[in-house]
Each structure stands twice: as C-alpha cells, then as structure tokens.
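Working notes, structure below.
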Amino acid sequence: MNSLQSLEENIKANNNFTKFIINSEVPDICKSEACMLGVDEAGRGPVLGPMVYGVAYCPLSQKEVLQSLGCADSKALTEEKRDDILLRMLTEEKACNNVGWIAEVISPNYISNSMYRRAKHSLNEVSMNSAISLIKKVIEEGANIAEVYVDTVGPPEKYQAKLSDIFPGIKITVAKKADSIYPIVSAASIVAKVTRDHALKVWQFQEGLQMDHTQFGSGYPGDPLTKKFIREQIDHVFGYPSLVRFSWSTAELMLQEKAAKCTFEEVDDEGKKKPNTKSISTFFSPKNEKKRKRHKFFEERHLTVDNAFE
C-alpha cells in the first residue's frame, strides 16, 4: 500500500460482515534490531461501524522517526492530520524502512454476535483477543519485539499480568491513556483511527442500501446523522443492516419499539432432562421386545443374517 486510496481498496476487497486484517510488510531492520510495539483501538463506543485494533512497531533505536512523523495523542489530532501521518508512514522512505503496522477490522456483526451468543463474549474479551492475536502475528512474521505498550481495556494491572503470561521475555506496559504517553501507541492509534474512518467511507451495504458515509455520520450515538439513521433505517422484520451493532442499547430500544415482536421457544440446557420424559433412543430399544419367529422361507433354506462389513 502506498496511498490512502490503496488502503480503501484493500478494505473494500474484504468481507465487512466478519473481521479481517490489513498490514504493511515487516521492515528488515525490525527483524534484526530489538523493537517496541504499541497497541490501541478506534471505534469502541459507536453504534455504527467496525471497531479497529491497530498495532505499530519500530526499532528502539529509531524513536526519532515517530517524533518526525508527528505521532502524538491521536485524540488531539484532526482527521486530516491523522490521514497525513499515516500517508507518510505509507510513502516516506525513512518511515517505510523503520515503522511497520497491522490493523484488524472487527465488523459490527462479529461484535454483536459475540455479545449475544450463549457463551457470551464481552467487548473487553473481543478487544483483548484482537490485541493478543495481532502481537502474535507480528512476532510470527519475524519482527524482533522486545517491548510492548498497550492502551488498557479494563484494569491495567490484570491486563498487563495476562499479557506477561502470554509473552514471557517481553517487557509489557499497560496503561490508561497510553496513546498520550507513548509515541508508539500514538502511532498505533493513528493506524486504527484512520483505518476505521476509511472503512466507513467505503462501507458497502450487503442489504443493497444506496448510501454513503455522509448520510449516517460518525457512528457515535450522539451524532444527529447517526440518530437519524438508527431511527429511519429499520426493517419491521429483519431489523438493521449489518452496519449497526444491534447489541447496543441504542439499537435494542429502537428495535423493541419499531420491529416485529419475536418469541423464541425455551431451549433446554444440554444434559438436563424434564421429569417423566423418555429419551428418544428408548423407542428403538430392543428391551421387552418379543422374539419373532423366523419366516418359513429362511428356515427351509437355512439362511441367516450376516454383516458383510464386519
């Protein structure tokens, strides 16, 4: 990838109904020198669109590259500035030779199904699993990771202990607002935010809706355009298009108000039987079955039943 347009084309080429990964090549220097790696996310709170986890990494000896790119607290940067920094990471020789990155785009459908399935999978678990899998992937591709810095999900002490168990021998630091403290986390945050912004810009509705991002807004519940979308783009039977995180209370309340009511039969827990209920296998059991007399045809010819496959 060498432009934001190629980033968009890469996103469009993937299935937005599940989750997928996009990434840079691992710079050669990152394979030979000890590197630091940062992790952050974008789009944790919106009711519309994906959540994106981003990772950035570079040699410990090349911290000035991050400073020259302008990596700082991504929340304090404008969208245009974030775009410019990622574009420079994609095109400038020094950045390409020293900074690698990877992002996982996690669809609204994947998030909601994880939270609704019988063995519930919280957003924190989805987040942690994504971060862990991205760190593993970078290491598997040959990057020499010595230090990891993560913007926390939940209590930082527990998260740090969990990562330390998974990645022994690597210095792990988990902190609140890490993107405003560590430039490598700022770089990861920029990767995540820009990827999410462009994922929304090129969102393709599998339901056939002809809309672009200017009509549904940022995806945050307080955005007037997002509110309008949630209020109006609801099917009485099928609910919302896959852009919507239907497990969010904002969407749930609207579904309760405008969508058809559904009643589901109670599903028994596995292994539990209702009292006085026979197992279906008992109907095929040979117990108490009278032995039938063999037909005269078989007796006269001394024929017996055999199994050719035994």
- Query: Restricting attention to the stretch 159-173, does a residue exist that is without any contact (Cβ under 8 Å) to a residue 60 or more places away in the chain, in a strand (DSSP E or B) and not basic (Lys, Arg)?
  - Reply: yes
- Item | Answer from Val55, Val47 - the residue that is among the β-branched types (Val, Ile, Thr), open to solvent by less than 20 Å² (accessible area, probe 1.4 Å) and either over 28 Å from Gly219 (Cβ atoms) or modelled with pLDDT of 95 or more (or both) | Val55
- Some residue of the stretch 26-40 being open to solvent by 10 Å² or more (accessible area, probe 1.4 Å) and under 14 Å from the mean Cα position of the chain (by Cα): no
- Note on the structure: Residues in the stretch 133-156 that are part of a loop (DSSP other than H, G, I, E, B), closer than 15 Å to Gly100 by Cβ and open to solvent by less than 20 Å² (accessible area, probe 1.4 Å) total 1
- Which members of the stretch 147-195 meet the condition of being small (Gly, Ala, Ser) and touching a Cys at 6+ places or on another chain (Cβ under 6 Å)? Ser186, Ala187
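Just to confirm my filter: which strands (runs of 3 or more DSSP E) fall fully inside the stretch 27-115 and include at least 2 residues that are out of contact with any strand residue (DSSP E or B) (no Cβ under 9 Å at 6 or more places or on another chain)? Before you say what the answer is, go through the steps one by one.
Working: elements: 35-42, 51-59, 100-106.
Answer list for the stretch 27-115: none.
For the stretch 239-265, what are the residues that are in contact (Cβ under 8 Å) with a residue 24 or more places away in the chain and either touching a Lys or Arg at 6+ places or on another chain (Cβ under 7 Å) or more than 15 Å from Gly45 (Cα to Cα) (or both)? It would help to see each step written out before you state the result.
Taking the stretch 239-265 as the starting set, the residues that turn out to be in contact (Cβ under 8 Å) with a residue 24 or more places away in the chain are 241-248, 250-251, 254, 258-260.
Pro241, Ser242, Ala251, Met254, Lys258, Ala259, Ala260, listed by residue number.
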- For the stretch 103-120, what are the residues that are open to solvent by 10 Å² or more (accessible area, probe 1.4 Å) and closer than 14 Å to Glu252 by Cβ? Met115, Tyr116
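When the stretch 116-129 is examined, which residues are found to be among the hydrophobic types (A, V, I, L, M, F, W, C), assigned to a loop (DSSP other than H, G, I, E, B) and closer than 14 Å to Phe246 by Cα? Can you show your working first?
Filtering the stretch 116-129 down to residues among the hydrophobic types (A, V, I, L, M, F, W, C) leaves 119, 123, 126, 128.
Still in the list and also assigned to a loop (DSSP other than H, G, I, E, B): 119.
Of everything in the stretch 116-129, nothing turns out to be among the hydrophobic types (A, V, I, L, M, F, W, C), assigned to a loop (DSSP other than H, G, I, E, B) and closer than 14 Å to Phe246 by Cα.
The values are calculated or read from the model by the stated rules, or taken from the named source; none is laboratory data. No experiment lies behind these values; they were computed from the predicted model shown. Ideal geometry is used to build each Cβ from the backbone, glycine not excepted, and the neighbour counts take in all protein chains shown. Please note that ligands, DNA and RNA were not included when accessible areas were found on the heavy atoms of the full protein model with its side chains. Shrake-Rupley method; radii C 1.70, N 1.55, O 1.52, S 1.80 Å.
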